[in-house]
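Enquirer: Dumping the structure here so I can ask a few things about it.
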Amino acid sequence: MAVKVSDNQRTFIKDGKKFFYLADTCWSAFTNITIEEWEYYLNLRKMQGFNVLQINIMPQWDASGTDLNYYPLPTKDKKTFEFTDFNMEYFERAKTMCKMAKDKGFELALVVLWCNYVPGTWASNMNSSNIMPYDFIDKYVEVVHGTFSDLEPMYVISGDTDFDTEDTKKYYMKASNLLRELAPNLLQTLHIKGRLDEIPEEFIDKIDFYMYQSGHNAQNLAMPYLLAETLYKKYPAKPLLNSEPCYEQMGFSRRMYGRFYRYDVRRAAWMSILSGASAGVTYGAHGIYSWHKINKNFGLGIGEGFDAPNPWNDAVKYPGAWDYGYIKYIFEMYNIGELVPMDKILNEVKDIRMAGTLEKDKIFIYVPVNTTVKVDLDLSDYNIKIMDLEDKNICIPNYEVVDGKTTIHMHNFEQDGLIILEKEI
C-alpha cells in the first residue's frame, strides 16, 4: 500500500498505521552507486530506522565524479544531454535499485525535474545546457510513470526550485498534471529552494504535502523553525516536513569556512519538528547525496560553493544518522501522531521549541543549550524527564510551579536535551 495523508491532514499513514517520514537524501543513487554499494547502504540505513529515500530520477547536477556510465539520455560529453530518446537500460537499472529498496521496507520519494532541467530557475540561469524542451516532458513523464509508478513512490515534482518565472511554473504544472492523470493515487509534493517560504498559489491544491529546506547556510540558524512556523500558519493543513536540513559534515554554503556536525543536524531536526513540521524529517550526509569517492571531483565551481566531502564509505557512518533514527523511535515509543506547536516558553530566546499532542497528554520541549526553562503552564500533573540527546541518558529534573507557571531547572548534560512531559493518568 502507498503512503497516504492521515485524516488529520497533518501526518502520514501507511497500511492504516502512523507513518513518520524519516528519509535519507541520496540524490545521486541512479548514476553513482554500484549494486553492491547500494546493498550495503540499504542494510545500514534500514538498521538505523530510515523508511524513505529521496532520489533524483535524472542525474544530479552536482553529483561527484564517477567511473560508472549510467545516463538516461544520449550524451557525447557525459555532461550535456540530447533530448531525443531514452536509454532504457538506465531506467531498468534504476527500477532494480528501487525494488531492492522496497523489498527492505523503504518508501521512495523521487524527484521528477531538478531545477537545472527547467528554465528560469536559479540553477538553469547559471547553467542552461540541460534545460529539457517543454514538449519532451510528455515523453519523459510517460517513462517515469512506466518505470516507477507500480512501486508506489511519492513524486517530488520539483527539486531545489524557486518559481520566479511563468516558464518555471508552466514546466512543473505540466509534469504534475501528467503524473496526476497517470498515477492519481500517488502523493505529490514540491522540493523548494533553500530558505524559501512561499509556494505558488496555483500549486497548493495540486500537492499533497509540503516540503521545505532550511538548507546549509550558517548565517541564519533559525531557519529550521522560522520556515516551519511560516508554512504551518500560512497554507491549508497538509503534512509538513523539513526535507533538507543542514547535512552532516557539509561545508557552509557561499564558501564560508566551517562545517555542520552531529549537534547541528540534530538541532535542525528537533527545531523543525516542534515548530509545525512534525510529519517527518530528512537526514543528509555530505558525501552521500553526491556519492563521493576518493580522488574524484566534487562541485561545479558555481552555485553554493560547498567544501569537499569525505568519501561515501566514511560519510555513511556519521553519527547523526543514528540520532535521526532515534527521533523516529521516540515517535513510535510515545505513539505520537500530530504535534501542535505551543507558544508557552517564557525564556526570551526563540531557539527553545515546544509542541504537544492534540490532547496535550504529551508535551515536548527542545533545549539546544542548557538552561533553566520557564513555561507559561501549570505542569504539576505531568511526569517530567529530560533526555540527553547526545548520549541518550535520562534525568528527572527539579521543577517548581508558582502562579500557574512552571520552572524546570537546568539539567547537567553537556549538549542539547529533550524535555518530555507525560500527563499523569
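The values are calculated or read from the model by the stated rules, or taken from the named source; none is laboratory data. These figures come from a predicted structure and were not determined experimentally. Heads up, the Cβs are rebuilt from the backbone with ideal geometry, glycines too, and the neighbour counts pull from every protein chain shown. Just the protein is used for accessible areas: all its heavy atoms, side chains included, with ligands, DNA and RNA removed. Shrake-Rupley method; radii C 1.70, N 1.55, O 1.52, S 1.80 Å.
Enquirer: Note down the net charge around LYS95, summing +1 for each Lys or Arg and -1 for each Asp or Glu among other residues with Cβ under 14 Å from its Cβ.
Expert: Surrounding charge for LYS95 is -2.
Enquirer: What length, rounded to one decimal in nm, is gained on full extension from ASP135 through to ASN295, with 0.36 nm per residue of separation minus their alpha-carbon distance?
Expert: 53.7 nm
Enquirer: Under a point-charge model restricted to the Cβ atoms of Lys and Arg (+1) and Asp and Glu (-1), what is the dipole moment magnitude of region 342-423 relative to its Cα centre, in debye to the nearest 20?
Expert: On the way: 10 positive and 16 negative charges, 27 e Å.
Value, rounded to 20: 140 debye.
Enquirer: Tell me the relative contact order for the chain as a rounded percent, counting alpha carbon contacts under 8 Å between residues six or more apart. Mind dumping the intermediate values first?
Expert: On the way: 917 pairs, mean separation 60.0, N = 425.
In percent, rounded to a whole number, it is 14.
Enquirer: Here's another thing I want to ask about it. Compute a Gaussian network model of the chain, connecting alpha carbons closer than 10 Å, and tell me which residue from GLU82, GLU198, GLU229 fluctuates the most.
Expert: GLU82
Enquirer: Also, quick follow-up: Calculate, in nm to one decimal, what LEU346 and ASN185 gain on full extension: separation in residues at 0.36 nm each, minus their alpha carbon distance.
Expert: 53.5 nm
Enquirer: While we're on this one: For region 3-334, report the accessible area per residue in Å² (1.4 Å probe, heavy atoms, rounded to an integer).
Expert: Ligands and nucleic acids excluded, the result is 37 Å² per residue.
Enquirer: Between region 309-353 and region 27-99, what is the separation of their alpha carbon centroids in Å?
Expert: Cα centroid to Cα centroid, the span is 28 Å.
Enquirer: Can I ask one more? Subtract the Cα-Cα distance of ASP314 and THR165 from 0.36 nm times their separation in residues, and report this length gain in nm to one decimal.
Expert: Length difference between fully extended and current span is 49.6 nm.
Enquirer: For GLN9 paired with LYS46, estimate the spin-label separation in nm (one decimal), with each label point 7 Å from Cα along the Cα-to-Cβ line.
Expert: Here the modelled spin labels are 3.7 nm apart.
Enquirer: Let me ask something else. Just LYS76, LYS344, LYS14 to compare: in a GNM of the chain, with alpha carbon springs under 10 Å, which one fluctuates most?
Expert: The residue with the greatest mean-square fluctuation here is LYS76.
Enquirer: Considering only Cα-Cα distances, which of the following residue pairs are longer than 26 Å: LYS95/LYS169; LYS234/LYS374; LYS238/LYS360; LYS18/LYS174; LYS169/LYS234?
Expert: LYS95/LYS169; LYS234/LYS374; LYS18/LYS174
Enquirer: So, in Å, what gap is there between the alpha-carbon centers of region 187-229 and region 110-147?
Expert: Each part reduced to its Cα centre gives a spacing of 20 Å.
Enquirer: If you count only protein heavy atoms with a 1.4 Å probe, what accessible area per residue comes out for region 342-423, rounded to a whole Å²?
Expert: On a per-residue basis, region 342-423 sits at 51 Å².
Enquirer: Once you put a point 7 Å from the Cα of ALA2 and another 7 Å from the Cα of GLU89, both along the Cβ direction, what distance in nm separates them?
Expert: 3.2 nm
Enquirer: Of LYS17/LYS99; LYS46/LYS423; LYS46/LYS139, which ones are farther than 27 Å apart at the Cα?
Expert: The pairs that break the limit, which is 27 Å between Cα atoms, are LYS46/LYS423; LYS46/LYS139.
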